[in-house]
Every structure is written in structure tokens, then in C-alpha cells.
Amino acid sequence: MMNSLGRRGMEEKYFPHDLIIIQILPRLPVKSLLRFKCVHKSYLYGFGYDQFRDDYLVVSVSNDMTINYGVNSQLEVFSLQDNTWREIEGNFPYFSNTWTDDSPRVGLLFGGDIHWLVAKMAPGEDSSDDVILTFDLMERKLLEMPYPDDFDFVLYDNCALWVFGEFFSLWVSDHVNCSVEIWVMKEYKVHSSWTKTLDFSIEGLSTWYFYPICSTKTGDIVGTDGENVLQKYNGQGQLIEHESYSEDPLDFLVTLYTESLLLLPVDNMQV
Amino acid sequence: MAQEASSSTSSKTISLKTGDGEIFEIEASAAKQMKTVQRLIDDLGDDITIPLHNVFSKELPKIIEYYKKDITGEITKDFEAEFVKDLNDDEVKVLFLAANYLDANKLFEFLSQNIADRLESKSVEYVRKYFGVENDFTPEEESKLREERAWSFRGIKEDE
């Protein structure tokens, strides 16, 4: 049975990708499979900076969603310095295991690496495991990290990578208990340092959803209810503010931006 | 009062509450076939109405019907054919996703095959819509792919 539970309620049409690849496609005859290679490319991508080489990279992990002697995704990297795409050879049995369908395709940049939540095909090809896929921008290698040990997949209906304060983090929503949990890696890349730091109730909201977007300097969490309300919870998990941001639910995507100043070159000045 | 670990007697029923607030009864032995439900029973006790946020009153009765037959050992190919006969593709999809959520393996495997059977001769566009995926190929990439495997498109009505 698959780990991914798909998105609760809101989008009945949502079909978890790992179910497509593992449960449905293998039961199709070859003729159908070849046709369905045109269906979807299923890719993950990320953007980051390699400080060792002072280079900006775009990373893409893609597969065409059909099984041909095992799921193997293609890893390609575009380097701004080289101004070209290069494929990196290897065995990458990963595919997007979208917990939400909005943007987990875009990797999270943290600690000089790009991260995605993915499914990894088991060697027997009859099941998949959830892992955290990491692309090391300096080594230009794909690595895996397991989820925290006491992570209870069955209870969670939604999960995403996040940066909470200065920590590499996961948030999950638990539909049975109507709550959101925040897990942080107290020491980046040290598996045993995964800790559940926050577990708060989101009951009493008009929707049963809460999607964290960012955290403030004082440790508050700002997120949306999935429709049109922004909410802020404090570090003790209490709702301290909420604000409707649009008349039309479901019509907006919310994102975070950071302001920065760049000095533009003037005449004979060098950038 | 402390409860002993309950061994399910055949007369014990469990109450399940759907995401839209309706309550259905199921025999404990049938509930055992749905691992998610069984886990919730283990956590919450079997005297409490088990909440199933992700399953709704449209599909739960059908799932209960399947497992009623399962616990009496009456599931046959004929029964399964009849079970899905009047369901359209979207209804089967909803049942399939519910079976996945409930971790109801037998129904899940059966519906997987049924979906594959239904999609076998469908067009690429239909399958995209069914799985809720976008066409992320460029027009050039897509026409190249179609050309390379033109034989697999023969006999398929691409606008269905």
C-alpha cells in the first residue's frame, strides 16, 4: 500500500503519482504504455548556487512516468557558466511523490543543497519508499536522506519541506487529530537530530487546512488555510492573527519574497 | 474503566463517520480488512465513532458492500464485474483513492486492474485529464514521441 495519501477533500481529481506508476501503469499492455509516454514528463527541478565555482545551476530530475525495466529518472544540470545542459549518468529510481500538487516540484534550497520529497522505487518494483532527495551543488551529486525515524506516514495527509527559522524542516498536517506538526533537523544532515518541535491544533478553522509559508524572526509561523485566509501562529502553536486576502478562494498562490539591493554598473564601473 | 483488548466477535459493529458527516456501520471483521480503520480502532477504541475525513458518503457504502461479501468469502469474478459495471471512470477513481486511503488491499488491487482495463484504449489526452497531470512536453517533443511510436496509436480514437 502506498504511503502517499493525496490531498484531503479539496481536489478529488488528484491522483498520487506513485500510485499511477506502481499500481496502474504496470497493468497496461505495451501498446498502451508506449502511447502513454506522451502523457506527462513528471519532473522535479531546483535552482541554486555553487559557491565553490561561483556558478548558478538549474537542476532537473525527470522521467516519463512509464516503467521500462525499472524507473530511472534523468538527472540534468544547467550551469550558467557553461551555458549548457549536461546529463549526469547514474541510477536514479526516484519520482515525484507529490504530497500537495502545487509546488513540491521546486526543490528547497538549503545548506548548499537542493531538496525534494520523492518516492524511491524499491528494487522489486512493486512498492515505493518515501525519501528526501538531495542534490549537492558543489559535488553535483544526488544523495538521499531518510525521513525522521518516528514519522507516522499513515496519519499525515500533507507534508512539505520548509525552512523553520534557521533549521531544515518538515511540516505535516495530521488529518485525524486536526493538527500540524513541525519537525526540524537540529543539526543539518545528522539524521538522529530530527526532532518534532511543534504540534498544534488547527481545529476551529473554517477549512481544515494550514500550509506554513514562512517563519518570523520571533518564531511565529505564517501560512494560509488553502483558500483565502492568511494565518499566524506563535511559537506555542496559538493562533494570533488571521486575515482574508482575497474574495475568491482558490484563485491565488501565495509566496514569499525577499528584498535585496543590487548596485548597477554605471558607465566605466565594473560589476 | 479499563477495557481488555477486544477480540472481535462477529456481532461487533464499528461506526464510521465520513468526511461529510454521515455515519455507517461495519462489522468488526470487515473493518479488520481496512488497515487504516483498524489502526484508528487500535488508537481510539472500538466504541467510538471512527472519523474518516477523506472518505465520503458517496463511496463508503460501496466499499462496505465489497467487504461484506469478502468476509463471507463470496467475492467472485462475477461479483467483481457486477460491482463496477455501472460505475463510470471517475467513480472508480474515487473508490480507488478511498481504498488507498483506507489501506483496503483487496479492493485496492482489484480497482487498480479495473482502472488499467478502462484506460487501455483511451487517448493520451483522456489519460492526462484522468490522472490530473499537465502536458509538459513542448509541441515538438510531443510530435516526435508520437511519430516514434505511431503504431501504438493505431486504432485509438485520439479525441476520446
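The values are calculated or read from the model by the stated rules, or taken from the named source; none is laboratory data. Predicted, not measured: the structure shown is a model, and the values here were computed from it. With ideal geometry, Cβ positions are generated from the backbone for all residues, glycine too; neighbour counts draw on all protein chains shown.
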Could you check the stretch A:34-61 and list, in sequence order, the residues that are among the small types (G, A, S) and outside any loop (DSSP other than H, G, I, E, B)?
A:G46, A:G48, A:S60
Which pairs turn up if I take residues in the stretch B:42-54 that are more than 13 Å from B:F24 (Cα to Cα) and look for partners that are part of a strand (DSSP E or B) with beta carbon separation below 7 Å, at least 6 apart in sequence or on another chain?
B:L44/B:I50; B:D46/B:I14; B:N54/A:D157
Count - residues of the stretch A:206-220 that are at pLDDT below 85 and loosely packed, with under 14 Cβ neighbours inside 10 Å:
1
Single unsatisfied condition, A:S169 versus (1) outside any strand (DSSP E or B); (2) within 29 Å of A:D50 (Cα to Cα):
(1)
Going through the stretch A:14-62 one residue at a time, which ones are β-branched (V, I, T) and either surrounded by 18 or more Cβ atoms within 10 Å (Cβ to Cβ) or within 7 Å of chain B (Cβ to nearest Cβ) (or both)?
A:I20, A:I21, A:I22, A:I24, A:V39, A:V59, A:V61
Condition set more than 19 Å from A:W183 (Cα to Cα) and under 19 Å from the mean Cα position of the chain (by Cα), scope the stretch A:221-251, selection modelled with the highest pLDDT: answer is A:D225
Scan the stretch A:118-148 residue by residue and report those that are out of contact with any Ser or Thr (no Cβ under 9 Å at 6 or more places or on another chain), of a type in the set (A, V, I, L, M, F, W, C) and part of a loop (DSSP other than H, G, I, E, B).
A:L137, A:M138
From A:D199, A:D174, residue being in contact with a helix residue (DSSP H, G or I) (Cβ under 7 Å, 6 or more places away or on another chain), of a type in the set (D, E, K, R) and on the phi < 0 side of the Ramachandran plot
A:D174
Determine whether B:S143 is of a type in the set (G, A, S) and within 7 Å of chain A (Cβ to nearest Cβ).
no
Say whether the condition of being in contact with a Leu (Cβ under 8 Å, 6 or more places away or on another chain) and either at the interface with chain A (Cβ under 7 Å from one of its Cβ atoms) or in a helix (DSSP H, G or I) (or both) is met by at least one residue in the stretch B:127-136.
yes
Counting only helices (runs of 4 or more DSSP H) entirely within the stretch B:22-119, those with at least 1 residues that are within 9 Å of chain A (Cβ to nearest Cβ), in contact with a helix residue (DSSP H, G or I) (Cβ under 6 Å, 6 or more places away or on another chain) and closer than 30 Å to A:W208 by Cβ are B:35-44, B:89-102, B:105-119
Considering (1) assigned to a strand (DSSP E or B); (2) surrounded by fewer than 19 Cβ atoms within 10 Å (Cβ to Cβ), say which one A:W183 fails and leave the rest.
(2)
So, A:E203, is that one under 24 Å from B:N54 (Cα atoms) and surrounded by fewer than 18 Cβ atoms within 10 Å (Cβ to Cβ) or not?
yes
Selection from the stretch B:146-160 of residues part of a helix (DSSP H, G or I), of a type outside the set (S, T, Y) and either facing chain A (nearest Cβ under 7 Å) or in contact with a Pro (Cβ under 6 Å, 6 or more places away or on another chain) (or both) yields B:R146, B:F153
